[in-house]
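In what follows, a single structure is set out as structure tokens and then discussed.
The values are calculated or read from the model by the stated rules, or taken from the named source; none is laboratory data. Small disclaimer: the values here were computed from a predicted structure and weren't measured. Neighbour counts run over all protein chains shown; Cβ positions are idealised from the backbone, glycine included. Areas reflect the complete protein model, heavy atoms only, side chains present, ligands, DNA and RNA absent. Shrake-Rupley method; radii C 1.70, N 1.55, O 1.52, S 1.80 Å.
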Amino acid sequence: MNVIWILLVLLLGLFSIQFMKLRQAAALLPPGPTPLPIVGNLFAIKFQFHHRTLMKLSEIYGNIMTIWVGQSPTIVVTGYETVKQCLIDNSEQVSNRPTTPYFKLYAEERGIIFSNGENWKVQRRLGLKILRNLGLGKKVLEGRIKVEAHQMVEVFLSQKGSAIDPSRCIMNAVGNVMSAVNFGHTYSLKNEDFHRLIDSTNVVVDFAGTLCGQLYDTFPWLMHRLPGPQQAMYKHLHFLKQCMLEEIRQHQQNPSPEPQDVVDYYLEEISKAKNDPSSKINEESLIIVLMDLVLAGFETVTSTIQWALLYMAVHKDVQVKAQKEIDAFVQSIENLKYEDRLNMPYTNAVIHEIQRFTSVGPVSLPRQCSQDFTLLGYLIRKGTTIVPNLASVLTAPKHWKFPDTFNPSNFLDEEGNFQGNKAFIPFSAGHRICLGEHLARTELFIFFTNLLKTFSFHLPPRVTKVNMSGIFGTTFKPHPFQICAIPR
């Protein structure tokens, strides 16, 4: 019995010492909830960096606050001015990514999204070059998107107005755009390998934003040995990497006379650098670059289009007004072009408002300081992790006419002309702004206008209430729903 009491006293003593050390360390950082030993503030944020939880905490602690993940401090920045000062004014200082256990497992410090330093600069520069060569911003790539938009229209037409869960149809269309860009080919909608690729992509993307994902980053040594969702994630991640490697092998065995896709262009660069032992352009990096492009370009666009259909069914007045504008300008969807958005200000505003109000990437992927800098009077040390709350910018009352309601007028002036807004940053900002922003914008416009030109979207009969709260993960997606696409 005495041994148990001694152990309890020792544990209490260690707990108290650790608690005091945390308090001392926290005193040098921006304010935040009091951290506890081992878990830090994980209970205060319910084990998730949920944008709404962070905004509530910011009302107490301010627009720059410290959240402890286990024993590591994370600086959360909220509001337009703070996020701008952090991501744009100090873009170079916050250009790194933290090497969290999950990021390291996924990327092995390669690729574009989770690499750092010279390696990141090389991969990003090459990625931009390849996307431009493939027609980013040109009609070549736009034509591929239109093909998938027409396929999606055909799937909806086949339902003859009956209720349908649109998620799989949308995933197939967006997934095939990314497949065409990366691999130079698309899949049949009935292809089981394609479905498995999409499902694995969803699992790998979603994992980081789950409770299990937070626990994995906090206690990787323990989670690796326990049963749970992380074990399934390992298998899906391995499957994705094998898919990328198989595509590379097929391209090597059947080379094209001229580069046709990301794999072709990257292999060409590998060949040029084969005599440079220090080159960061290699097959291992190509695997991660391909995964980065798939993951970054898939989940956000898919979720946004799902939200778009849901909002059109709920806000009938917005849907009808957008359709009138589309009908007046677009005689045939065959001739629709991305540049046509300039002649459709209301439709353009609707698409922007969907992105703003839903904020499918509400909390930006974390940054890490590459050097010391000062933010709102606080010295932020090199190596510190920073999490920008983008949703707080997209709903900042000071910068939006209707911050808390769905209203396309947020992007229209008094004459009905489209009006941009400096606080519109759904693709993040600074050096780490999304590489595929232009591709995503093009997809959203072409998919959305094709669908509204062809259909009117309604909730199923007898459905009068829809759960619009959303599901928070790495991205913010709607709860599963069904919708009726009535041909016009």
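Assorted remarks:
- Filter pass, Q253 being at pLDDT 90 or above and open to solvent by 70 Å² or more (accessible area, probe 1.4 Å): yes
- Residue selected from the stretch 333-358 under the condition farther than 17 Å from V314 by Cβ and of a type in the set (F, W, Y), by the criterion surrounded by the most Cβ atoms within 10 Å (Cβ to Cβ): Y338
- Residue count for the stretch 361-378, restricted to those that are surrounded by fewer than 20 Cβ atoms within 10 Å (Cβ to Cβ), in contact (Cβ under 8 Å) with a residue 12 or more places away in the chain and in a strand (DSSP E or B): 3
- Yes/no for E92 being open to solvent by 10 Å² or more (accessible area, probe 1.4 Å) and touching a residue at least 24 places away in the same chain (Cβ under 8 Å): yes
- Residue that is surrounded by the fewest Cβ atoms within 10 Å (Cβ to Cβ) [pool: residues in the stretch 95-130 that are in a loop (DSSP other than H, G, I, E, B) and among the basic types (K, R)]: R97
- Neighbours by Cβ (under 8 Å, 6+ apart or cross-chain): first from the stretch 401-427, closer than 12 Å to Q355 by Cα and part of a loop (DSSP other than H, G, I, E, B); second open to solvent by 30 Å² or more (accessible area, probe 1.4 Å) and among the hydrophobic types (A, V, I, L, M, F, W, C): F406/F357; F427/I433; F427/C434
- In the stretch 473-488, residue farthest from L451 (Cα to Cα) [restricted to those that are open to solvent by less than 50 Å² (accessible area, probe 1.4 Å) and of a type in the set (V, I, T)]: T474
- Criterion violated by H315 - all others in (1) within 21 Å of R441 (Cβ to Cβ); (2) in contact (Cβ under 8 Å) with a residue 12 or more places away in the chain satisfied: (1)
- Evaluation of L435 against the conditions (1) within 21 Å of the chain's Cα centre (by Cα); (2) closer than 18 Å to A308 by Cβ; (3) at pLDDT below 95; (4) in a loop (DSSP other than H, G, I, E, B) shows that the sole unmet condition is (2).
- Top-ranked residue of the stretch 290-331 - restricted to ones that are aromatic (F, W, Y) and farther than 22 Å from C484 by Cβ, ranked as most open to solvent (accessible area, probe 1.4 Å): F329
- Where K382 falls short, out of the listed (1) over 23 Å from A440 (Cα atoms); (2) of a type in the set (K, R); (3) crowded, with 23+ Cβ neighbours inside 10 Å: (3)
- Residue count for the stretch 180-203 under the criterion of being free of Cβ contacts under 8 Å to residues at least 40 places away in the same chain, buried (at least 16 other Cβ atoms within 10 Å of the Cβ) and over 17 Å from the mean Cα position of the chain (by Cα): the result is 5.
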